[in-house]
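Asks: For reference, the structure I am asking about is given below.
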Amino acid sequence: MSVAMMPLPERSPLPFDPAMAPAERCRLLVATFPDALREILSAGTLEHRSRFGENGFEGLQESWSPPAPLSARQVAMAQRALRELEGSILAPAEPDHLLGRVLALLSHFPAKGLTPDVEQLVAMDWVEDLGEFPAWAIDDAARAWRRTRKWRPSIAEMRALCEEACAKERVVAQRLRQIVQTLQTSNAGHGLAEIRRFP
């Protein structure tokens, strides 16, 4: 017997204003999700684990898992929301924008002894190492550095600022990804069961 899937409701573009406080910005983003998807996100299990590195304790790491069971429709909602989020708000910056932003930032903190050719190669390294971040997060990181620091930034320092800028949106994306993976894991389990039943 086939089960008819109801089409997902039409969606308007995700709201986003990078000038807003991150918590409020994220709250408005999640508020646009369908009720059923918001219920899953709020009903999931959140755990905190200590994270240790080379220098000892580095803080708490969050681990979130969705409630069970989930319907195929709920997973489809999560999949669409994730696709929209990754395709707009979290989409990587265009290389031209990123290169322009990096060159402008570095020009505020000129490095002595670097030729223009080497400076261009340095900027290209920055483009490669910051290329995963959205333009608004890179702009935010560059603005924060210009206004608070007196020396030339390192790529690692800028990556940390970019990660901080889009941290809340990335958490939402990761939770949506885990909802989608729940069905994929379940389907894989069913497939394995079928293989075991019919060698």
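Asks: So how many residues does the stretch 105-118 have that are part of a helix (DSSP H, G or I) and over 20 Å from E163 (Cα atoms)?
Replies: Looking only at that region, the number is 4.
Asks: If I ask for residues that are in contact (Cβ under 8 Å) with a residue 24 or more places away in the chain, part of a helix (DSSP H, G or I) and within 16 Å of D96 (Cβ to Cβ), which ones from the stretch 119-168 would you list?
Replies: A123, M124, W126, V127, L130, A135, W136, I138, D139, A142
Asks: Please specify each residue of the stretch 65-86 satisfying the condition of being under 19 Å from the mean Cα position of the chain (by Cα) and open to solvent by 60 Å² or more (accessible area, probe 1.4 Å).
Replies: Hits for the stretch 65-86 are Q79, R83, E86.
Asks: Out of curiosity, is R101 among the basic types (K, R), closer than 21 Å to Q178 by Cβ and part of a helix (DSSP H, G or I)?
Replies: Spelling it out, it is not the case that R101 is among the basic types (K, R), closer than 21 Å to Q178 by Cβ and part of a helix (DSSP H, G or I).
Asks: Any idea which residue in the stretch 95-127 is surrounded by the fewest Cβ atoms within 10 Å (Cβ to Cβ), counting only those that are touching a helix residue (DSSP H, G or I) at 6+ places or on another chain (Cβ under 9 Å) and acidic (D, E)?
Replies: D125
Asks: Sticking with this structure for a sec: Can you tell me which of E47, E62, E58 is surrounded by 10 or more Cβ atoms within 10 Å (Cβ to Cβ), part of a strand (DSSP E or B) and in contact with a helix residue (DSSP H, G or I) (Cβ under 9 Å, 6 or more places away or on another chain)?
Replies: Values: E47 fails: in contact with a helix residue (DSSP H, G or I) (Cβ under 9 Å, 6 or more places away or on another chain); E58 fails: in contact with a helix residue (DSSP H, G or I) (Cβ under 9 Å, 6 or more places away or on another chain).
The match here is E62.
Asks: Among the candidates R27, R38, which residue alone is charged (D, E, K, R) and touching a helix residue (DSSP H, G or I) at 6+ places or on another chain (Cβ under 7 Å)?
Replies: R38
The values are calculated or read from the model by the stated rules, or taken from the named source; none is laboratory data. Treat the numbers as computed from the prediction; the structure is a model and nothing was measured. We place every Cβ from the backbone using ideal geometry, glycine too, and count neighbours over all the protein chains shown. Calculation scope for accessible area: heavy atoms of the full protein, side chains included, ligands and nucleic acids excluded. Shrake-Rupley method; radii C 1.70, N 1.55, O 1.52, S 1.80 Å.
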